[in-house]
1. Being touching a residue at least 24 places away in the same chain (Cβ under 8 Å) and not hydrophobic (A, V, I, L, M, F, W, C) is the filter; apply it to segment 169-179 and report the residue that is nearest to I30 (Cα to Cα).
2. Those residues that are part of a helix (DSSP H, G or I), polar (S, T, N, Q) and either free of Cβ contacts under 8 Å to residues at least 40 places away in the same chain or surrounded by fewer than 19 Cβ atoms within 10 Å (Cβ to Cβ) (or both), I need them from segment 125-168; list them, please.
3. Return the residue satisfying two criteria in turn: it lies in segment 34-74 and is assigned to a loop (DSSP other than H, G, I, E, B) and aliphatic (A, V, I, L, M), and of such residues it is nearest to S93 (Cα to Cα).
4. Name the residues in segment 133-179 that are of a type in the set (D, E) and within 15 Å of Y103 (Cα to Cα), would you?
5. Given the residues A95, A89, A154, A138, which is the only one that is over 23 Å from A45 (Cα atoms) and among the aliphatic types (A, V, I, L, M)?
6. Go through (1) in contact with a helix residue (DSSP H, G or I) (Cβ under 9 Å, 6 or more places away or on another chain); (2) among the small types (G, A, S); (3) over 22 Å from I59 (Cβ atoms) for S179 and report which single condition fails.
7. Return yes when A102 is among the small types (G, A, S) and either surrounded by fewer than 16 Cβ atoms within 10 Å (Cβ to Cβ) or touching a helix residue (DSSP H, G or I) at 6+ places or on another chain (Cβ under 9 Å) (or both) and no when it is not.
8. Scanning for something more than 19 Å from A5 (Cβ to Cβ), touching a His at 6+ places or on another chain (Cβ under 7 Å) and surrounded by fewer than 20 Cβ atoms within 10 Å (Cβ to Cβ), does segment 43-64 turn up at least one residue?
Amino acid sequence: MPEDALIVVDMQRDFMPGGALPVPDGDKIIPRVNEYIRKFKERGALIVATRDWHPEDHISFMDQGGPWPKHCVQNTPGAEFVVELPEDAVIISKAADPDKEAYSGFEGTNLAEILKEKGVKRVYVCGVATEYCVKATALDAVRHGFETYLLRDAVRGINPEDEENALRELEQAGVKVLS
């Protein structure tokens, strides 16, 4: 059983430059994330990919009174992954309930149960955006008792200052930030 899991957070078309809700330079980490996916897979680690999987009328969308433009709508090109995931990757769809927001890959999903069933003890987190879904996922991983690492060279934030604040918050919560 793998004791390690790589959690790839929201590496989806709508979060890349040109997408509906782009993370600046989000595309620049794609090669790095793909490299980590390959390396972790070779070591026998579990590969997990989280995705926003919103219905058309999701509460987070501006036209529903939320803060965000429409993005990562189920079964649209914007919701597609932009990284090379192995066929046996575990796909975690979050924020699929129209009335519930979810930033963390653990929120409203069975991610914690899957990791525990597979014997995972350590999780390594990468993806976008550092100060939103990456931070929420890493904090929840710690809360669920996993030794948690953030792969600093494979995350991207929206705003540099907010990203630095998020990194400090993660370290204070016990997440080990690897450079």
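Read the figures in this text as sums done on the coordinates, not as results from a lab. These numbers were taken from a predicted model, which means no experiment stands behind them. Methodologically, a virtual Cβ is constructed for each residue, glycine included, from the backbone with ideal geometry; neighbour enumeration extends over all protein chains shown.
1. Filtering segment 169-179 for residues that are touching a residue at least 24 places away in the same chain (Cβ under 8 Å) and not hydrophobic (A, V, I, L, M, F, W, C), the one nearest to I30 (Cα to Cα) comes out as S179.
2. If the condition is that a residue be part of a helix (DSSP H, G or I), polar (S, T, N, Q) and either free of Cβ contacts under 8 Å to residues at least 40 places away in the same chain or surrounded by fewer than 19 Cβ atoms within 10 Å (Cβ to Cβ) (or both), then T130, N165 are the ones that fit.
3. Just the residues of segment 34-74 that are assigned to a loop (DSSP other than H, G, I, E, B), to begin with: 43-45, 53, 55-60, 65-67, 69-72, 74.
From the residues that got through so far, the ones that are aliphatic (A, V, I, L, M) too are 45, 59.
Details: A45: 20, I59: 16 Å.
Only one residue tops the list, namely I59.
4. Result: D140, single match.
5. Details: A89 fails: over 23 Å from A45 (Cα atoms); A154 fails: over 23 Å from A45 (Cα atoms); A138 fails: over 23 Å from A45 (Cα atoms).
When all the criteria are applied, what remains is A95.
6. S179 satisfies every listed condition except (1).
7. Numbers: among the small types (G, A, S): yes; either surrounded by fewer than 16 Cβ atoms within 10 Å (Cβ to Cβ) or touching a helix residue (DSSP H, G or I) at 6+ places or on another chain (Cβ under 9 Å) (or both): yes.
Taking the combined requirement at face value, the residue satisfies it.
8. yes
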